[in-house]
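**Q** I'd like to ask you about the structure that follows.
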Amino acid sequence: MKTDVVVYRRKLSFLFIGLLCLLFIGGVLPRLSALNGAELMTYMTVFKSMFISILLEALPFLLLGIFVSSIMQVVIPEAWIQKIIPKHPVLGVLVASFLGMLFPVCECGLIPVVRRLMAKGMPLYAGVTFILAGPIVNLVVISATFTAFRGRNEFVYSRVGLAILVSCIVGLIVYSFIRKDPRKLSGTNEFAQSSVQSLSGNNKRNAIHQILRHSSDEFFDMGKYLILGAFITGLIQTLVPRAELIAIGQGEYTSHFFMLGFAYILSLCSTSDAFVASSFLTTFSASSLLTFLVFGPMIDFKGTLMLCSVFRLKFVIFLIVAVAIVVLGGSLAIGAFNIV
Amino acid sequence: MSQHRNMKLHYYIRGGILFGLTSYIVYLVQLDKLHYYIVPRMAPYMKLSVIALYMLALYCIYLAWQEKGKHEHTRESEHSHEHQHIHEHDDHNCSCQHEVPRSKTKSVLLYSIFIVPLLLGFAMPDQLMGSDIAAVKGMNLSASNGASLQQTKVADLDSFDVQVPSVEGSLEASTGSDPKVDLEAENKATVEADAKAGATVDIEGSGDVNQDDEVVDQSANEMETKNASNSLVSSTDDDQSFDALFPSDQYSVELAELGKLLYQKDIIAVKEEGFLETLTSLDLYRDNFIGKTIRISGFVYREDDMSEDTFVISRMAMQCCSADASPYGFLVQWDDANAFEKDKWIEVIGTFGLTEYNGIEIVQLKATEITTIEAPNDPYVYPYFDDFVKIAEE
């Protein structure tokens, strides 16, 4: 019974990925077919540059993430996590939103870790908050933002502040509205069991074996989402001229919506997106850049695919919508009060 | 039993893929091409990743061997090991999310996802980002305000006036062979918008009026500069009037300081370190620098609608990886501009001036000397993290 449901869900997510591919092929092929050989070659090399560079950039973070997650799996006892996250949901999301300070990576590295933490008993709402806030509320990203917006420190403060606010609000929304476990496979019990096993058979060799095995399994599990994400992002970056896009998105309110979509399809790493944003300082309103800076690291194309490795598709879509609405509200409010 | 063989095959394939990834990164490092894709400061992390990948690859091969050993073992004494096997598999499934794919198709799908980047990586030539990518990203000709060519073109669309076919016709007549006036929508918009604004805006110099304008502009500007430098000479101790040339708010203090230092040089060399910052400072205080001599190197970039004596000298600025790179550059005017193909690496020495391109005022270098150079080993420019003032130090 259970496996039937699982297979059905897997089919659904494969269907989703297939549909996405079809969509892109449908959108892309007409453009490609109009090209001659030389132009096609040009597009191919541009695409290769984008695709490979996104992959290479994410690879160290992904590896760090899966190793940390595997070590956690073997070493950290469940009780520890339950001790760290306060029972009260409001305190819980607050603590979770600052956890990124302990683990400074972008979402490629964060997702495997949070997946593991949740399997080890971190409450869902805290995990969601951590996934959303982690890529922004960490020292690497904060210092990159300081550098990119030299002299405009209010950008940094409002970026971090808004990120914490949004992640907490979404975390609380999840706490109050999501009753069913939205994770792909609820393996908590088996998890607990396995770690008991690992403790009972406790020699060091065993632990290293487990860490390596988990790491290699997880590499292939997360890697496929990363590669798919990088592939599609690369396609978009190759075929949609950035400058043409930018020209569409001016205007006080449209710029916010535009920045949502722009951040989503660019799928930049949170450590470098501040530089890209700062190059729009004079062409876009400051608060719409804030939308870009807060939404992008939380939700983007690459990240959506990686989230699909943790959650069911329905929940991922729910998250995207919730985050988009809260970010929009927040940055419009910040814009209205002229904080940036 | 077939399950075991399957597992073995899975581990071999995984090991192979991990080895492939390892060797691809090593290959890039060996050929010194890693910086084609990511910034040099990421290189140490890449090397650590290589070690990690290599370790995982070895482990997968080890698992495959293990699987073989077990397999033979099982045949010998199937019964006694049955229990252990079940145990093994429980252990493996503990994390449940990642058991191996059940069907063949899924396995093929999964592993081919990993093989795609390897194939692309090894089979296709690694190419430096040049004009092709610049065209996709949109050339930034005004570093200080981030306005790009396409942007202004399409921005003109806002003032797009539909009732202008006649104006368009007359414009076409008046500009004659002007290659810019072709009927493609984008360009049409530019021309129409220009027509509406009542000024022929191009840098082609095909319209004499335009050229005159430029000359007038230039001379006016020269006078201004002279005045400026006079005042500088007459009151060197009076820092205030010099400072007044470089007004800054709290956000551009560093750029202003850099500008002041650059201003005092005979030839302003735009170096690789701090390329973008120098360009931004020059652009921000463009009026001060008119008539100054600039030396800059980069690759040749052209838009379709540029005239025969114009091109852009450009550099790719990279923050983290090539996905976030953007091209920056200056317009260069040189009578025999066509002699330089796109992506050719050149050094330009030229006089700093201003011109209008698609309706906005941008910097243009009137070249006095152009030399072809070798493409530098690392042709990209990166953000400058140190004090901007150090850029101007020699």
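**Q** How long is the gain from A:Ala38 to A:Ala336 if the chain were fully straight, where each residue apart is worth 0.36 nm and the alpha carbon distance is subtracted?
**A** Full extension of this stretch gives 102.3 nm more.
**Q** Also, quick follow-up: Relative to the present Cα-Cα distance, how much length would full extension add between B:Asp249 and B:Ile373 at 0.36 nm per residue of separation?
**A** Going from the current span to full extension adds 40.8 nm.
**Q** So if R0 is 51 Å, what FRET efficiency would A:Tyr253 and A:Leu91 give, r being the distance between their Cβ atoms, rounded to the nearest 0.05?
**A** That pair, A:Tyr253 with A:Leu91, gives E of 0.90.
**Q** Once amide H atoms are placed 1.01 Å from N in the peptide plane, what residues at a sequence separation of 5 or more from B:Val332, or on another chain, have their amide H within under 5 Å of its amide H?
**A** B:Phe311, B:Val312, B:Ile313, B:Leu365
**Q** Using a 10 Å cut-off on Cβ atoms, rank the peptides B:382-390, A:40-48 from the highest mean neighbour count down.
**A** Most protected by this proxy first, the peptides run A:40-48, B:382-390.
**Q** Next question, about the same structure. What residues from the stretch B:274-302 fall in the zone where the backbone N is under 16 Å from a label point 7 Å along the Cα-to-C-beta line of B:Asp386?
**A** Backbone N within reach: B:274-278.
**Q** Next question, about the same structure. Is there a simple number for the mean count of other chain Cβ atoms within 10 Å of the Cβ of residues in A:56-67, and what is it?
**A** 6
**Q** Residue by residue through the stretch B:297-303, what is 3J(HN,Hα) from phi via Karplus (6.51 cos²θ - 1.76 cosθ + 1.60, θ = phi - 60°)? Round to whole Hz and write x for glycine and proline.
**A** 10, x, 9, 7, 10, 9, 9
Laboratory data are not the source of any read-out in this text; all were calculated from the coordinates shown. Every value quoted in this text rests on a predicted model; they were computed, and no experiment measured them. Heads up, the Cβs are rebuilt from the backbone with ideal geometry, glycines too, and the neighbour counts pull from every protein chain shown.
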